[in-house]
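See structure below.
The values are calculated or read from the model by the stated rules, or taken from the named source; none is laboratory data. Just so it is clear, the structure is predicted and the values come from calculations on it, not from any experiment. Because the Cβ atoms are built from the backbone with ideal geometry, glycine has one as well, and the counts that use them run over all protein chains shown.
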């Protein structure tokens, strides 16, 4: 009697993460992404919390026809920290602290996560990202090399 075994790859998912290097503020980059990629990314009401009280604004769009989801988030968050000097030499010392969504990729400015799209559409998105003047560099991240994958679950 023949035995049939169904093999399903567990690690293979339909999520792609694009790294975006850009000096634009998030609202400006969002405008160009919506215009050129024909998306409708909108800021979500609740910010994402990472670490100890670090709140990141994020933008999402659910594409009803393709059953896909696009999300954009900044990789860097700069916060000001006040440190009181004991000798009161400098009364208010302000230092800047930077937190990263993906700490292993500290130079990336934005992350565009695309879930549920075909390979052709992902190639199209990457080519459109590369054509934008406001984006210095864009490329797809290898999901196998991302150490902090749990930070991308939102």
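Every listed requirement among (1) surrounded by 18 or more Cβ atoms within 10 Å (Cβ to Cβ); (2) part of a helix (DSSP H, G or I); (3) in contact with a strand residue (DSSP E or B) (Cβ under 6 Å, 6 or more places away or on another chain) is met by residue 125 save one, (3).
For region 63-76, the set of residues classified as closer than 30 Å to residue 96 by Cβ and assigned to a loop (DSSP other than H, G, I, E, B) consists of 75 only.
Number of residues in region 144-154 that are closer than 13 Å to residue 104 by Cβ, loosely packed, with under 15 Cβ neighbours inside 10 Å and under 12 Å from the mean Cα position of the chain (by Cα): the value is 1. Please state which of the following conditions residue 131 fails to meet, knowing it meets all the rest: (1) touching a helix residue (DSSP H, G or I) at 6+ places or on another chain (Cβ under 8 Å); (2) surrounded by 14 or more Cβ atoms within 10 Å (Cβ to Cβ). Residue 131 satisfies every listed condition except (2). In region 127-143, the qualifying residues are those that are touching a residue at least 60 places away in the same chain (Cβ under 8 Å) and more than 14 Å from residue 112 (Cα to Cα), and the one that is farthest from the chain's Cα centre (by Cα) is 131. Restricting attention to region 17-27, the residues that are modelled with pLDDT under 95, surrounded by fewer than 15 Cβ atoms within 10 Å (Cβ to Cβ) and not in a loop (DSSP other than H, G, I, E, B) total 1. Considered as a group, the residues in region 45-62 that are at pLDDT 90 or above and not in a loop (DSSP other than H, G, I, E, B) include one that is surrounded by the most Cβ atoms within 10 Å (Cβ to Cβ), and that residue is 59.
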